[in-house]
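One structure is given below, encoded as structure tokens.
Readers should treat all values here as calculations from the given coordinates under stated rules, not as data from a laboratory. Bear in mind the structure is a predicted one, so any value in this text is a computation, not a measurement. Cβ coordinates were reconstructed from backbone atoms using ideal geometry, including for glycine residues, and neighbour counts include every protein chain displayed.
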Amino acid sequence: MKFLKFKDEFIKYTGLMFIGISLFNLFNLFYHLFMVRYLPPIEYGHLNTLLALFMLISVPAGTVQTTITKFISSFQVQNKYDRTRGLLRHLLLLMFIIGFSFFLLISLGSRLISSFLQISSYGLVILFGLGLLFAMVIPVPWGGLQGLQKFGSLTFNLIINGALKFFLGVLFVVSGFGVSGAMGAIALSYFITTLFSLLMLEIYLPKEESMARQEQNANGSGPSYISEVYLYFFPVGVTLLCFMVLTNIDLILVKHFFTPIDAGYYSIAQMVGKIILFLPLPIIMVMFPKLSSLEAQGKRTLSTLGQNLRIAGLFCIIAAMLGLLFPSFIIRILSGKVYSECIPLVRFFSVNMTFFSLTLILLYYQLSTHERWFLYPLFFSTLIQTGLIVLFHKTLTQVLLVVGITALCLLGGNFYFVYRPHERRATS
């Protein structure tokens, strides 16, 4: 009966997060569709490159959200309410300091960054840094809501963030601010959503405040659990950093090695791949806190992973087939016109991101357990892919071939690490 209840809740919350993330991604898609139509290819290449760099630098923020989700899920099961509030306060201050430091460094180094990425506007880089400041802070309340399993509130925040980004971006670009307006909309949307999500998180925490104080006074000890949190940062940080590099470094290197117009075509084709890459996110956002709670109780649910992989695999395969069979039609929908240069790139992205999508589920499953061997192939795959792109980049197709081989090898390696120990126990 408990398993059936867990399964019903899992399906319900997965459906809820699927709706929220789908709307979030839909607004992001509308944002990119609008920008790719109203901005020249070179300016859209500037924007997309900065967004890829945005994702790479904000990896520490994603690490914090995953870590908060993991520990708060465990704290709630063990009724350790003082640790829930203490962890949130500690990491909120830490991430604000980190985000503000990044903003200062990017502002001071705007000339160097502009020169390396062949971007003429220093102001665009500064707006990028401002958006990064709030993007560093927002994973704290989002991780809190996810760890508390308040999926409805988290869904609402995702929708608000995506809607603000799109509508403000349209308003600013139409008003004549160009690519700076597009980046400014991102910064403002993160600022507003950060304030809103902190308010919603505070609504859920006061009920536990009195119990938290009683428990803290009874223990008479400081937050010694913080050291465990920082230790967990390492595997999460390595995982998210490597995955972000694997799925974004190609765009940055293409922007550096190729002409601006080639980088623009590559960015347009990458939009298709990113849609496939983000398909399993609703499953992951529900799966991870659930499995973390079960892990804190000493339970394992490998069967849940198999169910998630089958569902995600079905969606990814359907999306990949559409990309392989109808690339021209998809490009026309996304950009409003057919760029013949993008057609072979779309086909490669469709296959590559399918491999990465399934790999992402396997990575998060391993993060919910005590298994860490997967970090070694993940780290070396990241180095190998980056090095190979630097060495072999005669054509855009050659770059994508390197990415595809790396993605396939990484997927196979993670399947091995997840299922091999269980096969051993089954035969022992």
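Per-residue counts of other Cβ atoms within 10 Å, averaged by peptide: what ranking do you get for 166-172, 238-244, highest first? Kindly include the intermediate steps, with their values, before the conclusion.
Working: 166-172: 19.0, 238-244: 21.0.
The densest-packed peptide leads the list: 238-244, 166-172.
Among residues other than Val390 with Cβ under 14 Å from its Cβ, the summed charge is +1 (Lys and Arg +1, Asp and Glu -1). For the peptides 407-413, 137-143, the ranking by mean Cβ contacts within 10 Å, running from highest to lowest, is 137-143, 407-413.
Taking only the C-alpha atoms of the chain, Rg followed by Dmax gives 21.5, 69 Å.
What's the exposure ranking of Lys80, Lys165, Lys150, going from fewest to most Cβ atoms within 10 Å? If you can, show how the numbers build up before the last one.
Values: Lys80 20, Lys165 24, Lys150 17.
Ordered by Cβ neighbours within 10 Å, fewest first: Lys150, Lys80, Lys165.
When each of the peptides 394-401, 183-190, 21-28 is scored by the mean number of other C-beta atoms lying within 10 Å of its residues, the order from highest to lowest reads 183-190, 21-28, 394-401.
Here the Karplus curve 6.51 cos²θ - 1.76 cosθ + 1.60, taken at θ = phi - 60°, turns the phi angles of the range 180-187 into couplings of 5, x, 5, 6, x, 5, 5, 4 Hz, with x standing for Gly and Pro.
Placing a pseudo-label 7 Å from each Cα along the Cα-to-Cβ vector at Leu324 and Glu371 gives an inter-label distance of 2.7 nm.
Taking the Cα atoms of the range 15-155, the ratio Rg/Rh between the radius of gyration and the Kirkwood radius comes to 1.05. If only the Cβ of Lys and Arg carry +1 and only the Cβ of Asp and Glu carry -1, the dipole of the chain around its Cα centre is close to 660 debye.
Among His393, His370, His32, His46, the order by Cβ neighbours within 10 angstrom, fewest to most, reads His370, His393, His32, His46. Positive-end ranking of Leu51, Ser189, Val236 along the dipole of the chain, with charges on Cβ about the Cα centre, is headed by Val236.
How much net charge surrounds Val403 when only other residues with a Cβ under 14 Å from its Cβ are counted (Lys, Arg +1; Asp, Glu -1)? Could the numbers behind the result be given before it?
Details: positive: Lys274, Arg347; negative: Asp250.
Residues close to Val403 contribute a combined charge of +1.
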